[in-house]
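**Q** First, the structure itself, so that you have it in front of you.
The values are calculated or read from the model by the stated rules, or taken from the named source; none is laboratory data. Here the structure is a predicted model, which is why all the values come from computation and not from measurement. So basically every Cβ, Gly included, is an ideal-geometry build from the backbone, and we count neighbours across all protein chains shown.
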């Protein structure tokens, strides 16, 4: 491999690793994820895939818990959560 190829690989690896270390707040600020009206996040960058999966699994578990405690569907809980998150993020802007 020539020097340019090696440097390109190192740069790409460095970018990918920096995204692995992101938390949800940083990912939002950098535009790698966005909140959806469904109460879940959507990845806007393929490198944020693991974060999206992790956050959405945690949210699903939490929404299921709340729905069973309140007699609502998971979808209803998630939709309410999405509205609250939207309101919170609009205040922060």
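**Q** Would you list the helices (runs of 4 or more DSSP H) that sit entirely within the range 21-93 and hold 1 or more residues that are under 8 Å from the mean Cα position of the chain (by Cα)?
**A** Helices (runs of 4 or more DSSP H) meeting the threshold: 24-29, 49-70.
**Q** Next question, about the same structure. List the pairs whose first member sits in the range 20-43 and is at pLDDT 90 or above, whose second member is in a loop (DSSP other than H, G, I, E, B) and surrounded by fewer than 17 Cβ atoms within 10 Å (Cβ to Cβ), and whose Cβ atoms are under 7 Å apart, counting only residues at least 6 apart or on separate chains?
**A** These pairs meet every condition: 31/44; 32/44; 32/45; 33/44; 34/44; 42/36.
**Q** Assess whether residue 48 counts as being surrounded by fewer than 16 Cβ atoms within 10 Å (Cβ to Cβ) and at pLDDT 85 or above. Steps first, please.
**A** On the way: surrounded by fewer than 16 Cβ atoms within 10 Å (Cβ to Cβ): no; at pLDDT 85 or above: yes.
Judged against the criteria, residue 48 is not a match.
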